[in-house]
Every structure is written in structure tokens, then in C-alpha cells.
1. Could you give me the radius of gyration and the Dmax of the protein assembly as shown, taking only the C-alpha atoms into account and expressing both in angstrom?
2. Grab the other residues whose beta carbon is less than 15 angstrom from that of A:GLN125, score K and R as +1, D and E as -1, and report the net.
3. Looking only at Cα atoms, what is the convex hull volume of the stretch B:1-96 per residue, in Å³?
4. Counting only other residues whose beta carbon sits under 14 Å from that of B:GLY61, what net charge do I get with K and R as +1, D and E as -1?
5. Could you give me the percent of Cα pairs per 10 Å distance bin for the stretch B:92-155, shortest bin first, beginning at zero and ending with the bin that holds the maximum distance?
6. Among the listed pairs B:LYS28/B:LYS212; A:LYS2/B:LYS80; B:LYS155/B:LYS216, give every one whose C-alpha distance is greater than 25 Å.
7. Can you give the FRET efficiency to the nearest 0.05 for A:LEU18 and B:PHE132, using r as the Cβ-Cβ distance and R₀ = 22 Å?
8. Compute the distribution of all C-alpha to C-alpha distances in chain B, in bins of 10 Å from 0, and list the percent of pairs in each, rounded to whole numbers.
Amino acid sequence: MKLLHYWRAMWGIIWRELWRFVTQRERFISALVRPLVWLFVFAAGFRAALGLAITPPYETYILYEVYITPGLIGMIQLFNGMQSSLSMVYDREMGSMRILMVCPLPRWFLLLSKLLAGTGVSVLQVYVFLAIAWFYDIQAPWQGYLWILPALLLSGLMLGALGLLLSSFIKQLENFAGVMNFVIFPMFFMSTALYPLWKIKESSALLHNLAQYNPFSQAVELIRFALYGQFNSHAFIYTLVAFIVFMAAAIVGYNPSKGMMTRKGGA
Amino acid sequence: MNSSIALSVEDLSFSYGDKKALSQVNFKIQPGECTVLLGPNGAGKSTLFSLITRLYDTRDGRIELCGFDIKRQTLPALAKLGVVFQQTTLDMDLSVMQNLRYHTSLHGMGRKQAEQRIQQELERLNMYDRRFERARQLNGGHRRRVEIARALLHKPSVLLLDEPTVGLDVPSRLAIVEYVHQLAAEENLAVLWASHLIDEIYPDDHLIVLHKGQVKANGTVDDVLKITNTLTIKDAFYSLTQGEQV
């Protein structure tokens, strides 16, 4: 009975999140427009400027659009993770977070369910993006579209956990602009999403180090390899450990006796 | 463990940094009893509710719900609790039915049982015909009714209402006050109703006056009138809070 309770609650939370996403058409469209603009405009412009050597998982010379696609998938998940944290701050301000927090289930489980729900939404977005990219001639082997699913789940969970952690620190919705400037942009630009590591190294050793240890880079590499049917064990372990660390910190952040909630005077 | 006590608060204190919000608060609520927690703004009512619902941690003192310590036996304690918060907590983009189903899933109820309970609670409040409307389409009074129905779906033993009638027109307010009193009597439910509106108190109610984080009076309406040597609750409140407006 206890297990059934957990299952029903988790499904209820996931269903609510998916339903909200599907019915909020503007959110759906804006989540797609961002990476598509990067793909159609930015990547097309950069194609001529940037020469790419053959590096794994690619076996031939590739167009810049092909290189940037896993990075844009990561971008979708990064924004979605932050969007979920934004919605948690909103829910907290509006009070609906309280309904979740007073139900008779452990907080870690409720937060994990919220995280899974957010990840489910980001996976949906990624597959729609990949479908559009297919028609733009960015095509991976068909197995890649299956292998990418577990990679997306892990990277989505890791980025969502980061968002969750941030949301436990953010007191008001207005502070979210800071997250954009201090988390999303640095994480995205200091990563392998736009340029390979060796290319970054050519310009700055410091940037190279930052990009290398940036968990977002590892998530992007995990996705990149999975899309070509390959398993990048280093990226997998790095992303998994980052997820565990962010999640544990978020659970502490939402714990009434240890975390930020009491100090902030709100839940 | 005393099962005849639905809610017990013992020596409860709470501070925000150096600012004391609650100081040595003590009271007990029996099943079937409607207790009004009366206090001006800033008295500590919402802090007390946040502690009872475990949104804040209880550091000094003890809270028990139906014999379960909220700090050590959090999950069984929360299972006994139904809450209506001061702010509306409905998801405006979902229908009434979807909002209520979400709550039943959080409480682990199966589809059939959930449908049955939703129908029962909405029918009691004359809201069943509106179950497919979005929460956004409902007026304030109807939203409150849905929130009360939602708080009762899992058959709690204790119902907390944090100023649930704020912002409602007089007929909606009176209807909700009457319904909750009726619930306490018929369902043997222990009700704790935070309010700053004196006309929401019935003569048989239990009354707790909270002022600057301290319980100034705790008893039946008659007890409070006797202690303060006054004839009306308004005068009693005035004397207990040294002239502060309700």
C-alpha cells in the first residue's frame, strides 16, 4: 500500500507538470524557438568561421550545425531546469508549493518527483527539437535517438537538481534574473556546447579548465556521444556525481530543520 | 498519547532571528470542537500554522496531531491534517476536478475512491456541477469552497483554516463560516480557524486570543468574557490586546 501511495503521488506530480506544459502553448513554443534560432542563425553564420577537426564521436568532418546540436539539446535542458526552479519559486510565492509540502510523504521524494516531472518535460522538448533538426539535415543514426533517452534523463535530472538547489536559495521571483546572468549564461558559454575543448584551449587555458570541470560540459558530451550510439563513461560518472551532489544539497535546502526555509520565513 | 486530543500545542516558541514570533504557546483542541484563533495582524497566527503544518521546524516546544509528534512522526501526523491556506493554492490553469485529483494522488488514493470522495465533498458544497470549470473561472467564494472540499478529501481529523474568508463578500463569508461549524459537529472534526473577524465566532466556539506571540486567553466564549469582565467579544479582545484593533 505504501509503495502504491508513492507511485500515485509521483504520477500525480508528473502528470500535473506535463499537462501544464502542454496547455501552456507559449512556453512550449518559446522553449523551441531559442535553440532553433541558435541553430538556424548563429550556427549558420559561424559555419564558415570555425573549422572543426575530426574528434570522437564524429568519424568525418562535420558541419558546425552538427557539432552544436548536442549543445543546444543541453541548452534546452538547462533552461528547462531553471524554468522548473522558477516555477517552484512562483509556486512558493503563490502558495501551491505548500499543498505539496504538507502531504504525508518525505520531502526528498516530493522533490525527486518534481524533478522527474521537469525532466520529462525537457525530454519532450528535445525530441521535438530533434525532429525539426532532422528536416534541416542534421541526422544521427537511428539508434542514437534511442540511446539519447537515458542520457537525457540523467542530464535533465542533474540540471533540474541544480535548479532545485537554486530555488531553495531564491527568496523572490525577481531574483531569478540573477540566475540568468550568474548561472545560465556562464554555464552555457563556458562549456563544450559551442566549441570543442581543444578549440577553447587555443585561446585560454583558464577557460579550458573552467569548461572542462563545468558539469554542463559533461552533460553535453554525454548527450553528444549517446546521439551517435556511443557511451562516454567519464561524462556519465561526472554527470551522475554532479546530480547526486546537487540533489543532496537541494534536499538539505528544503529541509525545515536544516535548510533555507526557516531563515527565509516561507515555504 | 491521548487520543481524545486532536491537536496539542505545548510550550511552543519560535523566533525569526532575534524577533520573537511565538512565546510559550499552549493549547489543546478536542474532536468536534471549533476553535477560533483570534489575533490582530502580526500576532503570530500564520507562524503557528506554518509550525503545525511542518513548513517550519519546531525547535522549542511540541506539537502533536492525534497523538503523533509532528517533528518525529511527521508523515502519520500530516496524514491527519487538512489545510486551507490564507492565499489560494489552487492551480488556476487546471479544472476543479484536476485540482482535486492532484490532491488525492498526493494522498495515495486510487481512482475509484478519489472520484467517490470528490463527488461527495463537491456535492456537499453545491460545486459538483462546476467540476470541469477551470479554477480561474470561479469567483473567490467558490474557489474557497473547492479548497475546503480538497482539504477534506482524505478525511482528516484536524482541519486548519488560515483566515479563509479574507477578501470574500458577506454572503460567501457567512456560508463558509456556517459550513465549517456544521462540519465540526457532524464529522467530529477538530477545527482550528485563524481569524481577525469577530463575527465569525459562534457562542459555542472555543476561543484562543493570540497577541504578540502570546496566548492572552484560552477558553469558551463565556470563559473569555468572564475573565475580561466584558459583555462582548469585541470588548474582551480590546481589553486583552490593550486597545489594538481587530
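1. Cα radius of gyration and Dmax of the protein assembly as shown are 26.9, 93 Å respectively.
2. +2
3. 135
4. Taking every other residue near B:GLY61 into account, the sum is +1.
5. The distribution over the stretch B:92-155 is 25, 60, 15, given as percents.
6. Going by Cα-Cα distance, B:LYS155/B:LYS216 fall outside the 25 Å limit.
7. Efficiency, rounded to the nearest 0.05: 0.70.
8. Spelled out bin by bin, chain B gives 7, 31, 36, 20, 5, 0 percent.
No value in this document is a laboratory result; all are computed from the given coordinates. Because the structure is a prediction, the values reported are computed rather than measured. Heads up, the Cβs are rebuilt from the backbone with ideal geometry, glycines too, and the neighbour counts pull from every protein chain shown.
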